[in-house]
Amino acid sequence: MQDVRAEGRPSELKGTGLPLPRFVSINSDKAYVRSGPAPRYPVKWVYKKSGLPVEITQEFDVWRKIKDINGDEGWINRALLSDRRYIIVKADEAVDMRERAAEEARVTAQLEPGVIASLSKCDERWCSVSSGGFNGWVERKFLWGIYAREEIN
């Protein structure tokens, strides 16, 4: 039987209706990831880094099934997630952050593999990011937390 609220509309037991999959970030320095979508399921691990990008792959009520850069999956309460976008550098060595979105632009910093940066915008090749007090452009092929054809404005 479908749960119907007083207004006569079905309750949102299946999630938000937003596109899946989609990237979000952890918004807490202590975020429990569970084996299923409820507090009764055991904790698989705990994220201890706010701003970590994760990918939502499923929704159920207030729970989101997420996947991280390593492919690990689990369920987390939506209250521990933010729509604010971050990326992780996924290169084997440091990547250049440039003053402008161009290969010939001056290098302003280098980002080590695993660095988390705030994401501002992206075009088809470059993303504007901020990390450690530096702002600049990084080629998106070195970043995890954004889809290949996704544009951020």
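The values are calculated or read from the model by the stated rules, or taken from the named source; none is laboratory data. For clarity, every value in this text was computed on a predicted model and none was experimentally measured. Every residue, glycine among them, receives a Cβ derived from its backbone with ideal geometry; neighbour counts consider all protein chains shown.
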For this session: Could you list, in sequence order, all residues of region 4-43 that are closer than 17 Å to residue 60 by Cβ, modelled with pLDDT of 95 or more and polar (S, T, N, Q)?
Result: 35
Exercise. Given 124, 93, which one is closer than 25 Å to residue 70 by Cβ, outside the structural domain of residue 29 (by TED's automatic domain parsing) and in a loop (DSSP other than H, G, I, E, B)?
Worked result: 93
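Okay, residues lined up against (1) β-branched (Val, Ile, Thr); (2) within 24 Å of residue 45 (Cβ to Cβ):
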| residue | (1), (2) |
| --- | --- |
| 64 | no, yes |
| 84 | no, yes |
| 89 | yes, yes |
| 106 | no, no |
| 111 | no, no |
| 124 | no, no |
| 139 | no, no |
| 147 | no, no |
| 152 | yes, no |
Exercise. Of (1) touching a residue at least 60 places away in the same chain (Cβ under 8 Å); (2) crowded, with 20+ Cβ neighbours inside 10 Å, residue 111 satisfies all except one. Which?
Worked result: (1)
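In the list 57, 108, which residue meets the criterion of being of a type outside the set (Lys, Arg) and within 20 Å of residue 22 (Cα to Cα)?
57
Does residue 64 fit the bill of being under 29 Å from residue 130 (Cα atoms), in a strand (DSSP E or B) and at pLDDT 95 or above? It would help to see each step written out before you state the result.
Values: under 29 Å from residue 130 (Cα atoms): yes; in a strand (DSSP E or B): yes; at pLDDT 95 or above: yes.
Yes.
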For this session: Go through region 134-153 and give me each residue that's modelled with pLDDT under 95 and farther than 23 Å from residue 21 by Cβ.
Result: none
Seminar exercise, completed: Exactly one of 100, 78, 85 is in contact with a Leu (Cβ under 7 Å, 6 or more places away or on another chain) and among the charged types (D, E, K, R), and that residue is 85
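Here's the yes/no breakdown for (1) surrounded by fewer than 18 Cβ atoms within 10 Å (Cβ to Cβ); (2) of a type in the set (Val, Ile, Thr):
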| position | (1), (2) |
| --- | --- |
| 39 | yes, no |
| 43 | yes, yes |
| 53 | no, no |
| 64 | no, no |
| 67 | yes, no |
| 71 | yes, no |
| 79 | yes, no |
| 83 | yes, no |
| 86 | no, no |
